[in-house]
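Below: the structure, in structure tokens.
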Amino acid sequence: KHLQLLDLSSNLFTEYPEVINECTTLLQVDLSSNRIYKIPDSINKLTKLAKLNLSYNNLTVIPSLKDMENLRTISLKDNLIHTFTAGSKSLQYIYLSDNRISEFEDELPNLRTLEVAKNPLTSVYFKENFMNFLTTLNLSKANLTIVPSIIWKKFIKLRKLELNENNLTQISEAIENL
């Protein structure tokens, strides 16, 4: 009843081991580099969890993480995810690179880093009160033809913006606001 960190990375799991969800003292879980294809809704039992690494699996869908009020970091790199809506307003760092996401829309007021590189993104929508603290945004290697104007107007804390290898033909003069 005292376990705080559990590393099960680089194993041969094909199913998420639900017994983990009974370890309610966990702060960090690493299940990266397995073959997991589905995460159960019961993951929300891990209400103290701050960091979750599910990178390099076979995930296609992520359940709502609405009850994970302490979740700060989630890494889902190199999966098969088509859509992602966290549901957790506490998230500060999201790593979604190298998936199959074509559209991104979420309300994440505390987000500091968002990486969605190497996805077939055609559009990105950010709500008005979205990401007041965002400092790093990686939208590289996608299919964007336009950069959402809210990036130039509202992301005043942005320090790193990666837009390389897209289909952009122009950039707004409002870039000077950053």
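The GluC sites (Glu not before Pro) of the range 67-144 that meet both conditions, a loop assignment by DSSP and at most 11 other Cβ atoms within 10 Å of the site Cβ, are 128.
For the chain, the fraction of C-alpha pairs farther apart than 22 angstrom is 44 percent. When each of the peptides 166-173, 20-27 is scored by the mean number of other C-beta atoms lying within 10 Å of its residues, the order from highest to lowest reads 20-27, 166-173. Spin-label model, residue 80 to residue 103: label points 7 Å out along the Cα-to-beta-carbon direction sit 2.2 nm apart.
Overall, the anisotropy analysis places the range 134-177 in the oblate class: the square-rooted eigenvalues a ≥ b ≥ c of its C-alpha gyration tensor yield a/c not less than 1.5, with a/b not exceeding b/c. Applied to the range 109-119, the Karplus parametrisation 6.51 cos²θ - 1.76 cosθ + 1.60 on θ = phi - 60° returns per-residue 3J(HN,Hα) values of x, 9, 5, 10, 10, 10, 10, 10, 5, 6, 10 Hz, with x for Gly and Pro.
One decimal place: the segment residue 6-residue 28 gains 7.3 nm when fully extended, by the rule 0.36 nm per residue minus the C-alpha distance. Peptides 72-82, 144-154 ordered by packing proxy, namely the average of other Cβ atoms within 10 Å per residue, highest first: 72-82, 144-154.
Each reported figure results from applying straightforward, stated rules to the coordinates on display, with no laboratory input. The model shown is predicted, which means the values in this text are computed figures rather than measured ones. Heads up, the Cβs are rebuilt from the backbone with ideal geometry, glycines too, and the neighbour counts pull from every protein chain shown.
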